[in-house]
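Chemist: Got a structure for you, questions after.
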Amino acid sequence: MNTYVILNQVAQAGKSAETFDRLKSNLPKHELFVIRSADEWKTLPAWIESKMSEPARWIVAGGDGSVHSVLNLLYANAEQKKIPSEQWPIGLIALGSSNDYHKRHSHRISNLLRIDFDRTSQQELLEVEITSGSQIQKRYSFLNVGVGITAQGNWIFSHSPLIRQIKSWSVQSAIQLAALRAFFSKPHTEATISLDELPPRAISIANLSVFMNPHFSGSFRYPIAQPLNSGKFGVAWVEEAPLHRLTPVFLGLMRGQFTQSNTRHLGLHREIQIAFSASTPVEIDGELWDANSIRIRIAPRKVLVCL
């Protein structure tokens, strides 16, 4: 079985290439695709499609955003060609700034920079149906979907020149500054939420997260036990409130603390539908979409992941 490695050379503020050079001798013989700029991302879909005519092992060396992009390309090709997940196992090498995906599995990973294809597991994904105007698109998420402060913070973290400079010497400081800037910008949106079979509920969202992984940025995390492959995902939201009431919520999340109330929700669910009052930015594993509504449930097929 061939092995294909996709390296995002600009991950980890450009330090990923140096790290990869140190570890590549530990990998099986492989063909390497290097991403240095937006141009390579444009050619990557055709390259992946050309390699999926036969079973192969795939390794993504980069951050959470790199894994998200490659995973969606592989999943879409597999769905179109009816390829079972056993024929395209994915290995993940943590070369990003935060590596939130790996935090959930850190108790059973001895080295985030090694790949052992003898240790794979089937894992569920979120299927996100995005409606924008008359267009409906699907994306797949292995981390989280965010609206409000989370979405704003991730956009700032990825696009702010100041944050990019800070990230080069302290990722955690960059995450916290991006979160603060998003927090004080107070993005919010009016929406109607439907959970499972429950009646719809109208709320004003300060922040909403739908997640497969309770870790969502640096030390931020939700205090919920979320078994793998349970057919359920986490949902948390905080309704719009004055800053002095929101502040303790986000300070708590930095320590993995979250208290439920009439305006705060945390639980496990099988489906959520959100209709926004206006077009709203929705963040999916770091990728931003404008949406009028979204519907989220567990994807119809699992992915074979190697850590």
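Chemist: If we only count strands (runs of 3 or more DSSP E) wholly inside the stretch 134-224, which ones have 3 or more residues that are buried (at least 18 other Cβ atoms within 10 Å of the Cβ), among the hydrophobic types (A, V, I, L, M, F, W, C) and in contact (Cβ under 8 Å) with a residue 24 or more places away in the chain?
Modeler: Details: elements: 135-141, 144-148, 189-195, 201-211, 215-217.
Output list reads 201-211.
Chemist: Check I156, I136, I130, I166 and return the single one that is aliphatic (A, V, I, L, M) and under 15 Å from F220 (Cβ atoms).
Modeler: On the way: I136 fails: under 15 Å from F220 (Cβ atoms); I130 fails: under 15 Å from F220 (Cβ atoms); I166 fails: under 15 Å from F220 (Cβ atoms).
Among I156, I136, I130, I166, only I156 is aliphatic (A, V, I, L, M) and under 15 Å from F220 (Cβ atoms).
Chemist: Select from the stretch 288-307 the residues that are surrounded by fewer than 21 Cβ atoms within 10 Å (Cβ to Cβ), among the aliphatic types (A, V, I, L, M) and touching a Pro at 6+ places or on another chain (Cβ under 8 Å) and list them in ascending order.
Modeler: Residues satisfying the conditions are L288, L304.
Chemist: A further question follows. Quick one: would you say H107 is at pLDDT 90 or above and part of a helix (DSSP H, G or I)?
Modeler: Working: at pLDDT 90 or above: no; part of a helix (DSSP H, G or I): yes.
Answer is no for this residue.
The values are calculated or read from the model by the stated rules, or taken from the named source; none is laboratory data. In this text, all values refer to a predicted model and were calculated from it rather than measured experimentally. Every residue, glycine among them, receives a Cβ derived from its backbone with ideal geometry; neighbour counts consider all protein chains shown.
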